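Novice: Right, I'll just put the structure down here and ask away after.
The values are calculated or read from the model by the stated rules, or taken from the named source; none is laboratory data. Computed from a predicted model, the values in this text were never measured in an experiment. Cβ sites come from the backbone with ideal geometry, for glycine too, and all protein chains shown count toward neighbours.
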Amino acid sequence: MPETHRSGEFKGNAAEDRQEVFQRLFDAWHARIYQTCYRLMGNPQEAEDVTQDVFVRAMQAYDRFRGDADPGTWLYRIAANQCLNVRRRKRRLQWMALDFWNEGADESTTLRDRSGSAEDDLQQADRERIVGEAIDALPERQRTALILSHFERMPYKAIAEAMACSPSAVESLLHRAKTNLGKRLRPRLDEL
């Protein structure tokens with residue numbers, strides 16, 4: 001998980017303009033919230049749209065933020081809820097239109113440097129696609145818990161706060177996610 005910030009530094013004081021405080025919050029957390037949204041949505045444009053919604057909602061709810069919690073946990077919770085809402089709405093629209101949109105058409109991108117041949121790069125991209133599809137097929141809460149734990153490196157307590165559940169529920173969600181992921185990937189081990 002990224003370094004924690006003192007929550008008080010984002011509540012400001014009477015002399016400080018609310019806009020300046022919120023700008024600091026945005027600057028400190030935008031990239032991390034976008035990455036989480038990207039992993040949950042699987043599409044860069046949707047991730048950016050949801051990220052912007054997260055910060056709009058955060059600004060609207062800013063006066064209700066007590067400042068006694070980590071602002072990142074608060075933002076991750078908003079982000080997880082927004083992503084789940086968008087995915088549900090999207091599924092409803094797909095069902096109503098009977099036109100299944102092409103989800104996840106963009107290949108998963110990685111931030112690390114890769115060296116090797118083009119064939120190695122293609123094999124790696126194929127492995128990432130297979131794993132990404134398996135993660136995307138997980139139930140929403142399992143998927144969210146897995147992404148926050150594995151990609152965001154959040155501790156169980158922070159995930160529990162972000163998902164509005166207990167740490168033991170997070171542990172259970174992660175166990176089921178890993179079990180389901182194993183079941184989905186086992187038949188494709190030769191491709192990995």
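Novice: Output the qualifying pairs, or none if there are none: Cβ atoms under 6 angstrom, residues six or more apart or on different chains, first residue in the stretch 175-189 and more than 14 Å from residue 143 (Cβ to Cβ), second residue hydrophobic (A, V, I, L, M, F, W, C) and surrounded by 12 or more Cβ atoms within 10 Å (Cβ to Cβ).
Specialist: Correct list of pairs: 185/134; 188/130.
Novice: If you don't mind, another one. So, in the stretch 51-61, of the ones that are among the aliphatic types (A, V, I, L, M) and within 17 Å of residue 72 (Cβ to Cβ), which residue ends up modelled with the highest pLDDT?
Specialist: The extreme case among them is 54.
Novice: Under the condition of being touching a Lys or Arg at 6+ places or on another chain (Cβ under 9 Å) and more than 25 Å from residue 160 (Cα to Cα), which residue from the stretch 1-50 is modelled with the highest pLDDT?
Specialist: Per the stated criteria, the residue is 21.
Novice: Report, by residue number, each residue of the stretch 135-170 that is in contact with a helix residue (DSSP H, G or I) (Cβ under 9 Å, 6 or more places away or on another chain) and outside any helix (DSSP H, G or I).
Specialist: Those that are in contact with a helix residue (DSSP H, G or I) (Cβ under 9 Å, 6 or more places away or on another chain) and outside any helix (DSSP H, G or I): 137, 138, 139, 152, 154, 155, 164, 165, 166.
Novice: Moving on. Restricting the search to the stretch 142-160, which residues are surrounded by fewer than 19 Cβ atoms within 10 Å (Cβ to Cβ) and at pLDDT 90 or above?
Specialist: Within the stretch 142-160, 155, 156, 157 qualify.
Novice: Right, residue 173: at pLDDT 90 or above, part of a helix (DSSP H, G or I), in contact with a Lys or Arg (Cβ under 6 Å, 6 or more places away or on another chain) and not aromatic (Phe, Trp, Tyr) or not?
Specialist: Considered against the rule, which asks whether it is at pLDDT 90 or above, part of a helix (DSSP H, G or I), in contact with a Lys or Arg (Cβ under 6 Å, 6 or more places away or on another chain) and not aromatic (Phe, Trp, Tyr), residue 173 comes out as yes.
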